[in-house]
Amino acid sequence: MTIRPLATYIDHTLLKPDATHAGFERLAAEAAEHGFAAVCVPPAWVSLMAERLAGTAVRVGTVIGFPFGYVHPETRRVESLRALADGAVELDTVINLSWLKSEAPWPARALADLEDWVRAVRTVHPDVTLKVILDTALLSEPEKIHGAAIAIAAGADYLKTSTGFGPGGATVEDVELLARVAAGRARIKASGGIRDFPTASAMIAAGVDRIGTSNGVAILAESRSSAGSSTERFP
């Protein structure tokens, strides 16, 4: 069993609309210092992150069709290509939530259309890491299951719980549900409301491979002050 440092689970995130240049500079410096898996920033800040994190192992990620998923497939494609040109290697895109919630019992054509909205991002580059955001707090259980299945069929590398802009964030129950649906075909990213070490630990125990949070530094500090340094490492 591979043992990983806690930092390698964390996507160090700054997506607040009032975030400043100084905030993004600090984000990049913290990510490099602590060895986080990735940063996740708005498209406008990708080039700065790529410049600041060059030569480190920290991956640069951004959001596409964010935060509501309304963006047309062709617009998603253009957004994605620009992000890659600016230095992003991970793309977090929101499924078309409005269509997903409108199409029950999901006739075949509607499912194909929803897949196309995700596949517009998947096809921009074979090596890009694609995370599909479901915003589970807005969905019923059947919608979560169908949304996850659509994302996997369209080539998602990760199923991601939340945008952080919805009415709620990640829950252990949703992580476990998505992991069951994925059945090893995609990994799970929990995001939204993960602000402390116990919550992060619970998400990892439930099966996540990544955690999206703006509190990564505090979570690491809390882990180090917990009983024993071994709390920083996870399978």
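Descriptive notes on the structure:
- The set of residues in the stretch 138-167 that are over 15 Å from the mean Cα position of the chain (by Cα) and either closer than 21 Å to residue 214 by Cβ or of a type in the set (D, E, K, R) (or both) comprises 138, 141, 143, 144, 167.
- Selection status of residue 208, in a helix (DSSP H, G or I), at negative phi, in contact with a strand residue (DSSP E or B) (Cβ under 8 Å, 6 or more places away or on another chain) and open to solvent by less than 40 Å² (accessible area, probe 1.4 Å): no
- Residue check, residue 219 open to solvent by less than 50 Å² (accessible area, probe 1.4 Å), touching a helix residue (DSSP H, G or I) at 6+ places or on another chain (Cβ under 6 Å), in contact (Cβ under 8 Å) with a residue 40 or more places away in the chain and among the aliphatic types (A, V, I, L, M): yes
- Residue in the stretch 79-99 that is at pLDDT below 95, farther than 20 Å from residue 162 by Cβ and of a type in the set (Ser, Thr, Tyr) present: no
- Of all residues in the stretch 46-57, one or more are assigned to a helix (DSSP H, G or I), of a type in the set (Gly, Ala, Ser) and either under 20 Å from residue 164 (Cβ atoms) or in contact (Cβ under 8 Å) with a residue 40 or more places away in the chain (or both).
- Among residues of the stretch 176-195, those that are open to solvent by less than 80 Å² (accessible area, probe 1.4 Å) and outside any loop (DSSP other than H, G, I, E, B), counted: 10
- The stretch 10-38, residues that are within 22 Å of residue 162 (Cα to Cα) and polar (S, T, N, Q): 13
- Test: residue in the stretch 31-38 that is of a type in the set (D, E, K, R), surrounded by fewer than 18 Cβ atoms within 10 Å (Cβ to Cβ) and outside any strand (DSSP E or B): yes
The values are calculated or read from the model by the stated rules, or taken from the named source; none is laboratory data. Keep in mind the model is a prediction, meaning the values are calculated, not measured. Note that we place each Cβ from the backbone using ideal geometry, even for glycine, and neighbour counts take in every protein chain shown. Note: accessible area is taken over every heavy atom of the protein model, side chains too, but ligands, DNA and RNA are not part of it. Shrake-Rupley method; radii C 1.70, N 1.55, O 1.52, S 1.80 Å.
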